[in-house]
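The values are calculated or read from the model by the stated rules, or taken from the named source; none is laboratory data. Just so we're clear, the structure is a prediction, and the values are computed from it rather than from any experiment. The area values use the complete protein model at the heavy-atom level, side chains included, leaving out ligands, DNA and RNA. Shrake-Rupley method; radii C 1.70, N 1.55, O 1.52, S 1.80 Å.
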Amino acid sequence: MKKRIEKSPLLNEFSCHVIPFGIDLDVFKPLSKSESRKKLGIPRDNKVLVFRGTQSGSRMSKYKGHDYLIKALKIYEPAETNNSDHTGTS
């Protein structure tokens, strides 16, 4: 992105600074799907739904679509259910 800004006729006169991600990529790195499931205790054949959002009703939840997710989950009726809540908080 920095290179694109530096080449841009509209933006190249402004200084541009790169702010690295705020996480340590040596600690937090992707694992294989099977390794992740094993580590979290999720059976191999279970379907997984992951949603990273904000608290329901908060100002930001409307941008993340939290209300749409809640409505969709109320409609969704799988043939089999195996609910496991691996909720993380930040």
Q.
Quick check: with the 1.4 Å probe, what order do H66, H17 take by accessible area, largest first?
A. H17, H66
Q | Karplus-derived 3J(HN,Hα), 6.51/-1.76/1.60, for each residue of segment 14-31, Hz, glycine and proline x | A | 9, 6, 10, 10, 8, 9, x, 4, x, 10, 7, 6, 7, 8, 9, 9, x, 10
Q. What accessible surface, in Å², does a 1.4 Å probe find on F51, ignoring ligands, DNA and RNA and rounding to the nearest 10?
A. 80 Å²
Q.
So, taking all protein chains as they sit and a 1.4 Å probe, how much accessible area belongs to K64, in Å² rounded to tens?
A. 100 Å²
